[in-house]
Amino acid sequence: MLNISNNQLHTKIDFSGFKSGKTIFDKKYYKALNKFLLIFGVLMLILLFLPWTQNISGKGIVTTLKPDQRPQDIQSQIPGRIEEWFVNEGDFVKKGDTILRISEVKSEYFDDKLIERTNMQINAKMSSVSAYQSKVAALDRQISALKEERELKLEQAENKLLQAKLKVKSDSIEFEAAKTNIRIAERQFERNTTLEAEGIFSRKDVEEKRLKLQETQAKLVTQENKLLASRNEILNARLEISQVKANYMSKISKAESDMRTAQSNSYDAEVQVSKLENNNSNYKVRNKLLYITAPQNGYINKAIKGGIGGTFKEGESLVGIMPAKYDLAVETFVRPIDLPLLHIDEKVRVQFDGWPAIVFSGWPNVSYGTYGAKVVAIETFISDNGMYRILLAPDEEDHKWPEAIRVGSGARTIALLEDVPIWFELWRQLNSFPPNYYQPQNNKKGKSEAK
């Protein structure tokens, strides 16, 4: 039967007479199978040359296009205690609406009249500043008066010095005249003495000349004393000038020191006023922070910190809010090896979780239930999951995305690349080769125009 032996049984025995022999050795039963296999082989051969769109698939989630449209948690800038809620979960709030009221937990802010008392301190310090400024002005006037008085005193002392110098000059002239007189008197006395010895003059005449000589000597001594006294007056006048300068320098220096001290105190008071004003502004802003308000129009998702009386720290999330208006987008991730194949405005097909779809990744035109998207942002730094983040926006030229899609739902993305034959794609997949390096037509046109 298998024709593997030289002793062929069918040449010796006729099996056609048997019922089973008629069924087995009738060759008509496999002719249809041969035709089917032939047609299937031809179809498969034709199918291998059909176009296939290479693609990059990934998984992502639905998000928003702009960062300010994404869900966010509302935090408190200060620590506090929850006192009252004004909204419920799911409520719609407008920008500026009060969500909850909190109270202070720090003892330095417990005073209800803290701002009022701070204003009183500011007014007191401002009065102190005014007082110091008035003192500075008074000391400045005092310094000016002392300087004027010093000029007058110096002028008076200089006049005395000048008078003393003139008196010295006058006394020196008189002293020289006294010297001349004494010389004359001495000659006259000597001459009279000689004439007396010759008998021409009497004894009386000699005595008179002697007396006159003694008077002239006395006048010389007197004039010398007067000259020394005048010179002493010059020294006294110079000493008086020095004393006037030193005295008024001390007074002016003390007044200037007092003025600088008053100015320093005034500056310190101004610094304290600035600090108090700063604290007052901070207190006013802090009072406003006791009411947590909505940063934009949206819906309250979840009260993260619930109840009444619960305390929290600064920066701790209190409630979550979802903006009312947002532009949908899809956040997907691709492998580093596929990143060079993606470009801005690249066409991508998106399948959303919960929406029925029939997907043929290589034939996007025959897929059903997918929606068009385009690449709007490509992250330049790898994410924590070892892949690169890609942001997709709806393709305005394609079908509009379903309105019932919510932020956070899952999505599957298919980035469409170059068209290749199916046999090439099978060969690539069997050899684990990456897709062909792909450049969009816009980039090719830009390069050709640049050339």
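In the stretch 330-358, the qualifying residues are those that are surrounded by 12 or more Cβ atoms within 10 Å (Cβ to Cβ) and either more than 21 Å from GLY372 (Cβ to Cβ) or assigned by TED's automatic domain parsing to the domain that holds TYR299 (or both), and the one that is farthest from the chain's Cα centre (by Cα) is ARG335. For ILE78, the conditions (1) over 27 Å from SER274 (Cβ atoms); (2) surrounded by 12 or more Cβ atoms within 10 Å (Cβ to Cβ) are fulfilled apart from (1).
Scanning the stretch 81-127 for residues that are within 30 Å of ALA393 (Cα to Cα) and crowded, with 16+ Cβ neighbours inside 10 Å yields a single hit, VAL93.
When ARG286 is tested against (1) under 26 Å from the mean Cα position of the chain (by Cα); (2) among the basic types (Lys, Arg); (3) loosely packed, with under 12 Cβ neighbours inside 10 Å, just one condition goes unmet, and that condition is (3). Test PRO435 against the criterion of being under 25 Å from LEU328 (Cβ atoms), modelled with pLDDT under 85 and assigned to a loop (DSSP other than H, G, I, E, B), and give yes or no. In short, no.
Residue-wise test of (1) among the aliphatic types (A, V, I, L, M); (2) assigned by TED's automatic domain parsing to the domain that holds VAL376; (3) in a loop (DSSP other than H, G, I, E, B); (4) in contact with a Leu (Cβ under 8 Å, 6 or more places away or on another chain).
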{"residue": "ILE78", "(1), (2), (3), (4)": "yes, no, yes, yes"}
{"residue": "ILE82", "(1), (2), (3), (4)": "yes, no, no, yes"}
{"residue": "ASN88", "(1), (2), (3), (4)": "no, no, yes, no"}
{"residue": "GLY96", "(1), (2), (3), (4)": "no, no, yes, no"}
{"residue": "GLU108", "(1), (2), (3), (4)": "no, no, no, no"}
{"residue": "GLN121", "(1), (2), (3), (4)": "no, no, no, yes"}
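Beta carbons closer than 6 Å, at least 6 apart along the sequence or on distinct chains, pair a first residue in the stretch 81-104 that is on the phi > 0 side of the Ramachandran plot with a second that is modelled with pLDDT of 90 or more and part of a strand (DSSP E or B) for GLY96/THR293.
Kindly establish whether ILE56 is surrounded by 12 or more Cβ atoms within 10 Å (Cβ to Cβ) and within 30 Å of THR413 (Cα to Cα). Answer is yes for this residue. Candidates ALA137, ALA197, ALA178: the one that is of a type in the set (A, V, I, L, M, F, W, C) and touching a Leu at 6+ places or on another chain (Cβ under 8 Å) is ALA178.
Considering the conditions (1) assigned to a loop (DSSP other than H, G, I, E, B); (2) under 16 Å from GLN351 (Cβ atoms), GLU403 is excluded by exactly one of them, (2).
The values are calculated or read from the model by the stated rules, or taken from the named source; none is laboratory data. For clarity, every value in this text was computed on a predicted model and none was experimentally measured. Methodologically, a virtual Cβ is constructed for each residue, glycine included, from the backbone with ideal geometry; neighbour enumeration extends over all protein chains shown.
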